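Worksheet for the structure shown next.
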Amino acid sequence: MKKHNFYAGPSILSEYTIKNTADAVLNFAGTGLSLMEISHRSKEFTAVIEEAQALVKELLEVPAGYEVLFLGGGASLQFCMVPYNLLNKKAAYLETGTWAVNAIKEARLFGEVDVVASSKEANFSYIPKGYTVPDDADYFHFTSNNTIYGTEMRFDPDVKVPLVADMSSDIFSRPVDVSKYDVIYAGAQKNLAPAGVTIVIVKESALGHVERAIPTMLDYRTHVKKGSMFNTPPCLPIYAALQTLKYYKELGGIKEMERRDLEKAAILYDAIDSSKMFVGTAAHEDRSIMNVCFVMKEEYKELESAFIEFAGTKGIVGIKGHRSVGGFRASIYNAMPKSSVEVLIDAMKEFEKNH
């Protein structure tokens, strides 16, 4: 039976990425060696990382003066690296979910944090509006997509201070004005590659202005200077990321990915909104097109487990909602085909009809 993978992360990857990476695990670039045993200093792997950096710049139209880094540690390490490198006295943060809360906690180790707004009181079901970012903040940090709660900021905020964004779960799903940012970071395991590599786009002129000493591995300048090769990088996830980037380019680039993502989200949200049994949990104007969160209406709550079991008979996996929200979460990242979303919609309609 064909599987329809709605897991939130690690999540679905394109067949293109999986096949090409699997082939390289057996024989990388005709070397007769596995990708898992090749030297990261070999000319074959150096070519991989250079092409991946170039494709990120091309697809996101990264302007001059920025570097693309491939680092370890996930977005969670960036929660500390960002303030280590950028926070002198005070930073502003928008609190929109679990990952924003974690980023705020880390930043407070390095200086004052002004939480300009929060939607915590409503279980992060919306994105705050109408807040003011203080002009004396060293930067303003936001999380663009909140995987657990299904909310998303699909725009680049206009603020008077440097911008920093955690785009782990929606990078490459829309065009981004990179010139507005000092740092964009993203864990790979949603829209790019298997877990193990983190992509960081950093403005070089933003670095070197803090007074504190920074440990070598946590200093962005270390990795800029060494082209992400200061230490052994996560070679297999970087190779997989390159395959995904090539795939995005072949399909028509980021605008085409956005068109597809909007289309998939629209049909799923329409099915939820027209249902007598299911209801969405995120504010309409802030709905994520990456993570669609929904529950059963109160009178059907006891059927939630039964629906997950029923969906499993259709090959649908990974739709159980996060424990803090409950219900269901359909993660429909770039690699998710529209046909799988349609299978989920059909399952919802069939289950509703039967009950």
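The values are calculated or read from the model by the stated rules, or taken from the named source; none is laboratory data. Quick caveat: nothing in here was measured; it's all calculated off a predicted structure. Here the Cβ is made from the backbone with ideal geometry for all residues, glycine too, and neighbour counts use every protein chain on show. Remember, those area values only see protein heavy atoms, side chains included, never the ligands or the DNA or RNA. Shrake-Rupley method; radii C 1.70, N 1.55, O 1.52, S 1.80 Å.
One table, with the values for the structure above:
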quantity: Total residues in segment 305-327, condition under 19 Å from S275 (Cβ atoms), open to solvent by 30 Å² or more (accessible area, probe 1.4 Å) and either modelled with pLDDT of 95 or more or part of a helix (DSSP H, G or I) (or both); calculated: 7
quantity: Residues of segment 58-75 that turn out to be crowded, with 16+ Cβ neighbours inside 10 Å and either of a type in the set (V, I, T) or assigned to a helix (DSSP H, G or I) (or both), as a count; calculated: 5
quantity: Pairs, first over 18 Å from N5 (Cα atoms) in segment 274-300, second part of a strand (DSSP E or B) and basic (K, R), C-beta under 8 Å, six or more apart; calculated: G280/R287
quantity: Candidates I254, I316, I289 - the one that is in contact with a His (Cβ under 6 Å, 6 or more places away or on another chain) and closer than 24 Å to S14 by Cβ; calculated: I316
quantity: Total residues in segment 101-132, condition in contact with a strand residue (DSSP E or B) (Cβ under 9 Å, 6 or more places away or on another chain), among the polar types (S, T, N, Q) and open to solvent by less than 60 Å² (accessible area, probe 1.4 Å); calculated: 3
quantity: Residue selected from segment 160-175 under the condition surrounded by fewer than 24 Cβ atoms within 10 Å (Cβ to Cβ) and in contact (Cβ under 8 Å) with a residue 40 or more places away in the chain, by the criterion nearest to the chain's Cα centre (by Cα); calculated: R174
quantity: Answer residue from segment 328-342, given it is open to solvent by 40 Å² or more (accessible area, probe 1.4 Å) and part of a helix (DSSP H, G or I) and is farthest from G150 (Cα to Cα) among those; calculated: S339
quantity: Odd one out for E121, checked against (1) within 21 Å of L207 (Cα to Cα); (2) not in a strand (DSSP E or B); calculated: (1)
quantity: Cβ-Cβ under 6 Å pairs, at least 6 apart or on other chains, segment 197-220 side surrounded by 11 or more Cβ atoms within 10 Å (Cβ to Cβ), far side of a type in the set (A, V, I, L, M) and assigned to a helix (DSSP H, G or I); calculated: V197/I238; L218/M81
quantity: Contacts under 6 angstrom Cβ, first residue in segment 1-26 being within 11 Å of N191 (Cβ to Cβ), partner modelled with pLDDT of 95 or more and open to solvent by 50 Å² or more (accessible area, probe 1.4 Å), 6 or more apart; calculated: G9/Q189; S14/Y247
quantity: Selection within segment 221-235 - open to solvent by 50 Å² or more (accessible area, probe 1.4 Å) and closer than 19 Å to T21 by Cβ; calculated: T232
quantity: Scan of segment 238-271 for residues that are in contact (Cβ under 8 Å) with a residue 24 or more places away in the chain, farther than 15 Å from L55 by Cβ and surrounded by 17 or more Cβ atoms within 10 Å (Cβ to Cβ), ordered by number; calculated: E258, R260, D261, K264, A265, L268, A271
quantity: Only listed residue being touching an Asp or Glu at 6+ places or on another chain (Cβ under 8 Å), modelled with pLDDT of 95 or more, at positive phi and not in a strand (DSSP E or B), chosen from A29, A103; calculated: A29
quantity: Search result, residues across segment 77-100 that are without any contact (Cβ under 8 Å) to a residue 40 or more places away in the chain, part of a helix (DSSP H, G or I) and open to solvent by 20 Å² or more (accessible area, probe 1.4 Å); calculated: none
